[in-house]
Every structure is written in C-alpha cells, then in structure tokens.
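Notes to accompany the following structure.
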2 protein chains.
Amino acid sequence: MSASHTPEDVHDRCAHCVGRRLSVCSSIDDCDLAILANESSRMTVADGRSFIEEGAPANDFFVVTGGRVKLFTLLPDGRRQITGFAEGGHFLGLAASTSYAFGAEALGGATLCRFPHAGMQRLTERFPNLEHRLREEASRELALMQARMTLLGRKTARERVATFLIERCQHLEKPDLSHPVELDLPMPRTDIADYLGLTIETVSRILSAFKKEKLISIRSITHITLLMPERISTIAEGME
Amino acid sequence: MSASHTPEDVHDRCAHCVGRRLSVCSSIDDCDLAILANESSRMTVADGRSFIEEGAPANDFFVVTGGRVKLFTLLPDGRRQITGFAEGGHFLGLAASTSYAFGAEALGGATLCRFPHAGMQRLTERFPNLEHRLREEASRELALMQARMTLLGRKTARERVATFLIERCQHLEKPDLSHPVELDLPMPRTDIADYLGLTIETVSRILSAFKKEKLISIRSITHITLLMPERISTIAEGME
DNA sequence: TACCAGACTTGATTCAGGTCAATGTGATGG
DNA sequence: CCATCACATTGACCTGAATCAAGTCTGGTA
C-alpha cells in the first residue's frame, strides 16, 4: 500500500468506479479490491489529447472510467479510420501484440484507469476468472468488428449513417426503438465521417436528407431526435 | 476413451496435427494430449459447404487442420463481406457471444477439429494457460481487424488489391519482399472482391493494370508472381 | 476434336460519393 | 454587440468504382 493511501482509500477507489459495475473488474470480489487498486492507477486525459500511440510498445491496458475516447488507425498520408468510440466501462488495449494496433485520444476529456501488463498478469494469475473475462471482452469486440467490416465494405452511405444512429441508440441504458429517441452525438462530424468511412460533407448531406424525410429532427449539432427509429433501423440493415 | 480408439491413437491424432504446432493446442503438454483429443472431434467439410451459420447458437470452437475456409457476414439482400480467410492452425469461433457473429464455409475442402464449448471449458479449467492462449489469439485477430477496417474504410481499390497481395505473401513461411514472390490464390475473384469490398470487375481490372505496369505477372488465374513486391507494398500503404 | 458451362476479362456507360468552393451558424471574447 | 473562429451545411462539379454488356479463356466431357 502506498504512502498516500490508506487501504480504505484504495478499496473505495475501485468500489465506486464504473469499471466495477461494467468492466472486467467485476470478476474480482469486494474483499480483494485493494489488490486490484494496487495494480492500477488513475489518470485524466484532456480533450483531444492522445494516450495510446499506434505502433508504440503495448505496455498497458486501460479502462475508461469517465468521459469518452476515440480509437483509430492512420495511413501514412493522414487518412484516418476511427475504429471505435469507447465510454465508461470499456476495456482498451486487447488489440495489440507487442505494439498497439491503434491510437487513442480523449473526446471531450476522459478519465482512465491504467493497468500495466505486468500487474495485469499478476492479477490473472491470482484471479483466473479475470483471464476468462478478458477473453469475453475480446470476443464481444470481435463480434462488433465483424459488423463494422460489413458496414465499411458493403453498405451505402445512407445505410452507414442509419447504422451509426441506431448504434448510438443501443448505447443508451434502455434501448427502445418503438418510440422517438433523443440522442446526444458528442463527436464532431469529422469523427463520424472517419468512423463510417465517408466525408463530412456526405454525413452532413445524409443527415439533412433524413431530416427532410422526417426520419429525424436536428435540434442542435450534437442533439438529434430519431422520429422513426424503426424505419431508420430498416435502412441500416439495407432493407429499405 | 472411446471404443474406436486406443489411447495411443487418440494421442497421435493430436500429436501430428498442425494445430499442435500452430494453434492454441500448443499450450498443452505432450503427456496430456489424450485429454485434449477426448474433448475434440475431427470433421471434413466439402468445397463450398458451410459449417458455421451466422446467427446460429455458438456451441463450438474450431481449429482448421487442413485446407482453407472463408469467414463472412451477410446483409439481408445478399451482399456479402468476407471477413477473413483461414488455413491450417487458425482458431475459429471467438467472434461470438451466444450466437456466431459470422458464417464460415470451406474453400476447396477443409478438415477441422471441433471443440464443443463445454469441453473447451473443462480444458481451460484444467490448463489455465490455454485460456491465456485463447486471449492471445483473440488479440491477434483484433489487431488484424483494425488494419482491415482501415482498408475497407479508407483505401482506394488499387491500394486494397496491393494490400491483399502483400497479405498473401506474409502467409508464406519465409516472407521476403526483396525478391519476386510466387503466390497461389486459391479463392475465386468473387471471394477476393467480397474480401476487399470491391466488385470482381474492379479486382480484375486492377490485376490487369498491375500486369501492364510489370508489377506482377499472371501465369494462370490462381498463380500470380509479384515481380516488384516492395513497390506493391508501397502502393498498399497508400504511399505510391 | 468440338462443345459447353462457369469463371474471368475487357469495354462502355452511369452514378454515388468525393472534391472544391461558398455560405451559414453558434460559441467565445474584446 | 459585434468580430472572430471553428465547425457544419449546401451547392456545383468531378471521378473512381459500380453496373451493364460483350467477349474470352479454361477445363471437363462426349
């Protein structure tokens, strides 16, 4: 235990963390939380600041404990593919062997919990269930990526934007497509475009088209209401 | 031990399998091979036959022990995205929660080793290292998918085809881009197109263009020689 | 040897989405 | 309250890849 924390402090840090509810940390018993806390450290990242460099040696895992981050890969000439957005509870760093396969930066400020690989290994040795939980996390991510590859390889711009809107719905606590849904889109259009493999102009045009078709209403740049979520979902699946 | 196999048989089945060298099975000691064999069963799949149905309950893992398979997802109207090709040693089935996130079928005939989830769980309980190995496998796959998303979202047709050719090189035993490389492309153009998010016409045209530019020579439909692998690699990275 | 079917290539044309260029909007600070 | 700046929208035009439509090649078979 460090000089700056009593065991109580350390225990509490993990006990009240979103990761405790949502992430891999749930596989550790209350009584062992101090061990978990001792292998991890908190950090905050300011808006737009990068905390994982693509290609850098992969030394840490991260859990997003607050705010949002974006994950991306770059081509040498600067073209960017955003491979995902992550928020509270999301586990980061599995897509890496010796070096990270992606970069990551905060989207409007984020807090993270960092687990050095060595510490994580001590944890998995002590709590075998954690290793299983990590694999589950990787599996979930793999399944998502299958869908995203289909989006990028085979869907039209309209279908991509519709899929994005529906995805956002499903990140809400009670996803329900049978009634209008209010969405907050915290990322700029550039990020949406780079996530969907489109340009900002195309994203903008399609949102405008959806508005004209009364599928959505745009209350402000970040605040969109899906008026007919089920129709949008149909478009998203390419069945329109 | 079953009626049809002596323990020796069972042991040998795993001992001489490519999975033993290349796949997750390498995390189990020689002396325990019989246990591994007892939790798995061999199967062969004829060319074009499907053995994983997208959306079906995920009950098994598979190791490719011979031949090749293709993995894909479908849209309701039949558009297809091939998410990967797998050959000897490849572990399949991690991209699934309760149901498979992808379909799989043999490409020119394949042999597989099937591990029911229940049996795999018994194995991971007995051999904790195996669970770690599964996670590594998932991480490797995740890293590959990052690159594939960038290809599908941000690369031009020319860059995609070049990337595909270079990827094929790297599947050879001694990848070396400093000299001409002979490649065998066992998949039809349709599969290449569905893998790259293009049409067969575009794939065909670009291969023809590469031929005209003396970057490759096409000895037969399946047999291509990369004359200037490093130039192709440069194109693949978008730096041409 | 000729025929056929399926896979591939090539060419002509179209079109979805990109590019380039204004214009609009809304938050911040003087 | 206006100027500024970054971001978003809209419009005109262009282009890379899709689509549509012939050919061509290959291997199997009779």
Report summary line: So, in nm and shortest first, the distances from B:Met43 to its counterparts in the other copies, with label points 7 Å along Cα→Cβ, work out as 4.5
Query raised in the report: Which value, in debye to the nearest 20, gives the size of the charge dipole of chain B about its Cα centre, when Lys and Arg are +1 and Asp and Glu are -1 at the Cβ?
Result: 840
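Set the Förster radius R0 to 30 Å, insert the Cβ-Cβ distance between B:Arg21 and B:Glu53 as r into 1/(1 + (r/R0)^6), and round the FRET efficiency to 0.05. It would help to have the intermediate numbers written out before the result.
Details: r = 29 Å, r/R0 = 0.98.
After rounding, the FRET efficiency stands at 0.55.
Could you check how much of the accessible area of the stretch A:7-152 is carbon and sulfur, as a whole percent, using a 1.4 Å probe? Walk me through the numbers before you get to the answer.
On the way: 2830 of 5870 Å².
Solvent-exposed carbon and sulfur of the stretch A:7-152 make up 48 percent of the total.
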Query raised in the report: For a label point 7 angstrom out from the Cα of B:His117 toward its Cβ, which stretches of the stretch B:64-93 have the backbone nitrogen within less than 13 Å?
Result: B:93
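To the nearest 0.05, what FRET efficiency results for B:Leu177 and A:Leu177 with a Förster distance of 45 Å applied to their C-beta separation? Write down the numbers at each step before the final one.
Numbers: r = 49 Å, r/R0 = 1.09.
E(calc), rounded to 0.05, equals 0.35.
Cα convex hull of the protein assembly as shown: mean projected area in nm², to one decimal?
Working: hull surface 101.6 nm².
That works out to 25.4 nm².
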Report task. Calculate one ³J(HN,Hα) per residue across the stretch B:197-211 by plugging θ = phi - 60° into the Karplus curve 6.51 cos²θ - 1.76 cosθ + 1.60, and present them in order as whole Hz with x for glycine and proline. Result -> x, 10, 9, 4, 4, 5, 4, 4, 4, 6, 4, 4, 5, 4, 5
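Please work out the FRET efficiency for the pair B:Ile221 and A:Met239, using the Cβ-Cβ distance as r and a Förster radius of 41 Å; give the result to the nearest 0.05. Working shown, then result.
Details: r = 35 Å, r/R0 = 0.86.
So the FRET efficiency works out to roughly 0.70.
I'd like to check one number: the per residue accessible area of the stretch A:28-158, probe 1.4 Å, reported in Å² as a whole number. List each step's numbers first, then the result.
Values: 5010 Å² over 131 residues.
Here the per-residue accessible area is 38 Å².
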**Report entry** Around B:Gly88: net Lys/Arg minus Asp/Glu count, Cβ-Cβ under 10 Å
**Finding:** +1
**Report entry** the stretch A:190-240 - Debye-derived log10 I(q)/I(0), Cα point model, q = 0.12, 0.22, 0.29 Å⁻¹
**Finding:** -0.27, -0.91, -1.21
Query raised in the report: Relative to the first principal axis of the alpha-carbon coordinates of chain B, what is the inclination of helix B:117-126, with its axis defined by its Cα atoms, in degrees from 0 to 90 and to the nearest 10?
Result: 70
Query - Alpha-carbon centroid distance for the pair the stretch A:39-96 / the stretch A:108-168, whole angstrom - result: 11
Report summary line: For the stretch B:23-38, Karplus-derived ³J(HN,Hα) couplings (6.51, -1.76, 1.60; θ = phi - 60°; whole Hz; x for glycine and proline) come out as 10, 4, 5, 5, 8, 10, 6, 3, 5, 9, 4, 4, 5, 4, 4, 6
Query raised in the report: Per-residue ellipticity at 222 nm for chain A, helices alone: DSSP H runs ≥ 4 residues times -39500 (n - 2.57), over residue total, nearest 500 deg cm²/dmol?
Result: -12500 deg cm²/dmol
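Give me the inter-chain shielding for B:129-139: mean count of other chain Cβ atoms within 10 Å, whole number please. Provide the component values of the computation, followed by the final result.
Details: counts 1, 1, 8, 7, 1, 6, 11, 4, 2, 11, 12.
Per residue, the average neighbour count from other chains is 6.
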Report task. Select from B:Leu207, B:Leu71, B:Leu196 the residue whose mean-square fluctuation is largest in a Gaussian network model of chain B (Cα-Cα springs shorter than 10 Å). Result -> B:Leu207
Report summary line: Once both label points are put 7 Å beyond Cα along the C-beta direction, the B:Asp29-A:Ala157 separation in nm becomes 6.2
Query - Tail fraction, Cα-Cα pairs, chain B, threshold 28 Å, whole percent - result: 38
Report task. Report, as a whole number in µm² per second, the diffusion coefficient that Stokes-Einstein gives for the stretch B:155-236 at 37 °C and 0.692 mPa s using the Kirkwood radius over alpha carbon pairs. Result -> 264
Query raised in the report: Sorted from shortest, what are the nm distances separating the label point of A:Arg205 from equivalent points in the other copies, each placed 7 Å from Cα along Cα to C-beta?
Result: 2.0
Query raised in the report: How much accessible area is lost when chains A and B come together, counting both sides, with a 1.4 Å probe, in Å² rounded to the nearest 100?
Result: 3800
Report summary line: Inter-part gap, Cα centre of the stretch B:218-240 to Cα centre of the stretch B:13-37, in whole angstrom, is 36
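The values are calculated or read from the model by the stated rules, or taken from the named source; none is laboratory data. Because the structure is predicted, anything quoted here is derived from the model rather than measured. Note that we place each Cβ from the backbone using ideal geometry, even for glycine, and neighbour counts take in every protein chain shown. Accessible surface is based on the protein model in full, side chains and every heavy atom, while ligands, DNA and RNA are left aside. Shrake-Rupley method; radii C 1.70, N 1.55, O 1.52, S 1.80 Å.
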